[in-house]
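Before any comments, here is the structure.
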Amino acid sequence: MVHMTSRVLTVGFDLDMTLIDSRPGIHACYQALSARTGTYIDADLTITRLGPPLAEELVNWFPAEQVEAVADVYREMYPTHAIAPTPAMAGAREAIAAVREAGGRAIVVTAKYEPNAKLHLSHLGIEPDAVIGGLWAEGKAEALREHDAGIYVGDHTGDVRGARTANALSVAVATGPCDADELREAGADVVLTDLTEFPSWLVGYTGAPR
């Protein structure tokens, strides 16, 4: 395999709805938060728009001045309610393994609170080389650049923007709230149905003449 540079392949992955199906866990956590705060939250609705930071969802249910405090309560409750019910997405483990087989590093860059992101991955036995939390959309470029990631894989148009801001190849999976057409329109370079298609795509990408 001949590369024009000696740059190590580094692939970034989003977490929610890319590597993990966080809907059951987040649904359970919002229901618990609603019970604890006495505030109505439509948990069915919240899980249709995963991706953006927690505060962007909470502002729909709580007065703006309460959002920061409620977010702290949510994050504190999250390990109890959200980790166990959350499965890996189809192909998640194989996608990480494919990066390693290509001699590369796999990192996770997510908007999720970093300690909770690490709990999910540990629970599922998924071991990336680094986990960086608390970054959304264009903000993800900060970690992608720092780790010299040439590819970023995500399910949301915000992930596409993050990849493009970092000058990384945007690989999108249509497993989250954004469909394939939305992802293409946002500028994704590659759109896959789900992560099960990623290993063969990566072999083609890294093995092709450069």
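The values are calculated or read from the model by the stated rules, or taken from the named source; none is laboratory data. From a predicted model like this one, the values you see are computed outputs, not experimental measurements. Heads up, the Cβs are rebuilt from the backbone with ideal geometry, glycines too, and the neighbour counts pull from every protein chain shown. Only protein heavy atoms, including side chains, enter the accessible area calculation; ligands, DNA and RNA are left aside. Shrake-Rupley method; radii C 1.70, N 1.55, O 1.52, S 1.80 Å.
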Quickly run through region 32-58 and pick out the residues that are of a type in the set (A, V, I, L, M, F, W, C), open to solvent by less than 70 Å² (accessible area, probe 1.4 Å) and part of a helix (DSSP H, G or I). Ala32, Leu33, Ala43, Leu45, Leu54, Ala55, Leu58
Given the conditions (1) open to solvent by less than 20 Å² (accessible area, probe 1.4 Å); (2) under 23 Å from Leu192 (Cβ atoms); (3) out of contact with any Lys or Arg (no Cβ under 9 Å at 6 or more places or on another chain), every one holds for Thr86 apart from (3)
Here are some conditions: (1) touching a residue at least 40 places away in the same chain (Cβ under 8 Å); (2) touching a strand residue (DSSP E or B) at 6+ places or on another chain (Cβ under 6 Å); (3) aliphatic (A, V, I, L, M). Ala188 meets all but one. Which one does it not meet? (1)
Subset of region 116-140 [β-branched (Val, Ile, Thr) and either open to solvent by 70 Å² or more (accessible area, probe 1.4 Å) or free of Cβ contacts under 8 Å to residues at least 60 places away in the same chain (or both)]: Val131, Ile132
For Ala143, work out the one condition from (1) within 20 Å of Thr86 (Cβ to Cβ); (2) in contact (Cβ under 8 Å) with a residue 40 or more places away in the chain it doesn't fulfil. (1)
The conditions are (1) touching a residue at least 24 places away in the same chain (Cβ under 8 Å); (2) hydrophobic (A, V, I, L, M, F, W, C); (3) open to solvent by 60 Å² or more (accessible area, probe 1.4 Å), and Ala64 fails exactly one of them. Which is it? (1)
Out of (1) under 28 Å from Trp201 (Cβ atoms); (2) not in a helix (DSSP H, G or I), the odd one out for Phe62 is which? (1)
What's the total number of residues in region 93-115 that are open to solvent by less than 10 Å² (accessible area, probe 1.4 Å) and either aromatic (Phe, Trp, Tyr) or closer than 22 Å to Leu54 by Cβ (or both)? 4
Enumerated strands (runs of 3 or more DSSP E) restricted to region 118-182, each holding at least 3 residues that are farther than 22 Å from Tyr205 by Cα: 130-132
Being among the polar types (S, T, N, Q) and outside any helix (DSSP H, G or I) narrows it down to one residue among Thr80, Thr86; which is it? Thr86
